[in-house]
Structures are given as structure tokens and as C-alpha cells.
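Quick note: the coordinates plus some simple rules give every number you see, no bench work behind them. These numbers were taken from a predicted model, which means no experiment stands behind them. Methodologically, a virtual Cβ is constructed for each residue, glycine included, from the backbone with ideal geometry; neighbour enumeration extends over all protein chains shown.
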Amino acid sequence: MHLQSVTLHPDRYPTDEHYPFNLPLFRCPATYEFSAPVTFFVGENGSGKSTLVTALARKCGIHMWRGSDRRRFKVNPYEQRLSQHISVKWQAGPVPGSYFGSDTFRHFAVVLDEWAASDPGQLKYFGGASLLTQSHGESLLSFFRARYQFPGLHLLDEPETALSPRSQLDLLGLLVEMGRRGHAQFIIATHSPILMACPGATILNFDTVPASEIAYKDTEHYRIYHDFMMDPQKYVDAL
């Protein structure tokens with residue numbers, strides 16, 4: 001694995017009252033090992049999985065495409081500082097990588113269109129068409145197929161957001177293929193039981209403190225989807 005582990009250091013935090021330093025997961029000293037080509041962070045919203053993926057990107061020096069600026073009534077000065085208080089261990093030194101976040105993807109698509117205005121050949125790497133002219137799901141798959149052919153460390157935050165179940169299966173196939181080649185490592189925050197089914201992947205459950213490894217069929221995501229599909233009327237009647 002390119003990235004072998006990440007360690008949390010609560011004793012170094014500048015505050016224990018503000019996000020993200022006040023999340024239970026980050027209050028517990030812990031080291032999380034990465035021993036498989038694909039590692040999933042799973043858990044409820046607000047558990048810290050996306051926050052850690054983002055902090056890893058910053059710590060590893062991976063470029064993050066900027067989303068649109070949003071005005072806030074109250075600014076949290078600590079929001080982007082978790083990366084300063086974690087440490088990472090590489091197998092043989094830092095490697096190139098990429099970060100995907102559904103909230104910043106459109107900005108990348110706009111920038112790509114600007115590049116293609118002077119160099120149309122850029123689009124051949126993304127299905128031969130502007131990402132802005134493809135459906136959202138199609139543009140995401142075009143991006144994934146292009147970007148993940150390259151070796152390195154790839155961090156993804158909920159890539160399933162705009163993908164149909166069929167498209168999620170396509171992304172799963174890509175993860176399996178890249179994992180078999182052995183030159184790419186993926187760390188993914190997700191709610192998708194389809195993606196979690198990746199053979200040989202490690203699943204870390206962020207609903208426990210510290211996060212703990214969990215079997216695929218023991219995840220809440222799998223159990224809820226399985227039980228619902230077996231008897232959807234039971235769930236509807238309980239609403």
C-alpha cells in the first residue's frame with residue numbers, strides 16, 4: 001500500500017469544542033492501518049468519515065478542486081485544520097494522487113472545458129465530450145475511468161451520490177480492476193452497499209470509537225438494504 005496508516009493526535013488539537021476536533025471519533029487517540037487496495041469508511045452522517053478523507057487529502061498534498069464559495073453567518077476557523085494534527089506513514093514516500101468530492105466536481109468540469117477551448121485533445125481522456133454536456137452520472141464515470149488508470153493514492157468522498165445502481169456497479173468494476181493491477185490505492189467514504197461489496201476491501205465502521213473493522217454483511221447499510229428488499233411492505237407499514 002502506498003499509504004500505510006494515519007494516526008490521530010488529540011493531545012495536539014488546538015480546541016476540543018469546535019468541529020472537527022469535537023467529534024467523538026477524533027477525541028480518541030488511534031492509528032488506522034491501510035492493508036488493502038481499497039478501504040471504505042462507513043458510518044452515519046456526522047461520524048467523521050468524510051472529514052478524515054478530506055484531511056488525508058490535505059496531509060498527503062493532494063490537490064482539491066475548489067467548490068463555489070458560500071457565505072456563512074458564522075465561520076469556523078478550525079474547520080480545515082485537522083490535517084495539521086494527524087500523521088501519516090508511507091510505504092516508500094509520498095506518491096501522486098487525486099481527490100474526488102461530489103461538491104467540487106462541477107468546478108473541475110468547468111476548468112476542463114476552459115482547457116479544451118485551447119486544446120480539444122484534452123477531452124479524449126474523458127469520453128471525447130465535455131463533462132458539462134454529459135449527464136451528471138455519465139460525466140462522473142468518464143472522470144473515474146480516466147483518472148483511475150493512473151497509479152497513486154485516490155481519495156473519494158461519497159462518489160455514489162449521482163450514480164444509478166448500474167453506474168455504481170461500473171465503478172465497482174473499476175475498483176476491482178485497479179486493485180488487481182496493484183498500482184492504485186483507494187480510500188473511500190461511502191454509504192453504498194454496492195461499492196462496499198468490493199472483494200478484498202477493508203471496511204472501517206466510523207459508528208464505533210475508535211473506528212473498527214467490520215464485515216460487509218454486518219454493516220448497517222447491508223442489513224437495512226437486504227431487509228428492505230426482502231420485505232419492503234414491513235418498512236412502509238412502520239412509517
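Rounded to the nearest 0.05, what FRET efficiency do F150 and E220 have when you use their Cβ-Cβ distance and R0 = 30 Å?
0.35
How would you classify the stretch 189-239 from its alpha-carbon gyration tensor, with a ≥ b ≥ c the square roots of the eigenvalues: rounded for a/c under 1.5, else prolate if a/b is greater than b/c, otherwise oblate?
Here the stretch 189-239 falls in the prolate category.
Which of D157, D11 comes first, and how do the rest follow, when ranked by fewest Cβ neighbours within 10 Å?
Exposure proxy ranking, most exposed first: D11, D157.
Mind putting a number on the dipole of the stretch 160-239 about its Cα centre? Charges go on the C-beta only, +1 for Lys and Arg and -1 for Asp and Glu, and I need it in Debye to the nearest 20.
Around 300 debye, computed over the stretch 160-239.
Within the stretch 177-200, list the residues whose amide N lies under 20 Å from a label point set 7 Å along Cα→Cβ of M229.
190-200
I want to check the label-to-label distance for R166 and N22. Put each point 7 Å from Cα in the C-beta direction and report it in nm to one decimal.
With each label point 7 Å from Cα toward Cβ, the separation is 4.6 nm.
At 0.36 nm per residue, and after removing the present C-alpha to C-alpha distance, how many nm does the segment from E44 to T208 gain when stretched out fully?
58.0 nm
Using packing as a proxy for protection, rank 145-155, 186-196 so that the peptide with the highest average count of other Cβ atoms within 10 Å comes first.
With the highest mean Cβ count within 10 Å placed first, the list reads 186-196, 145-155.
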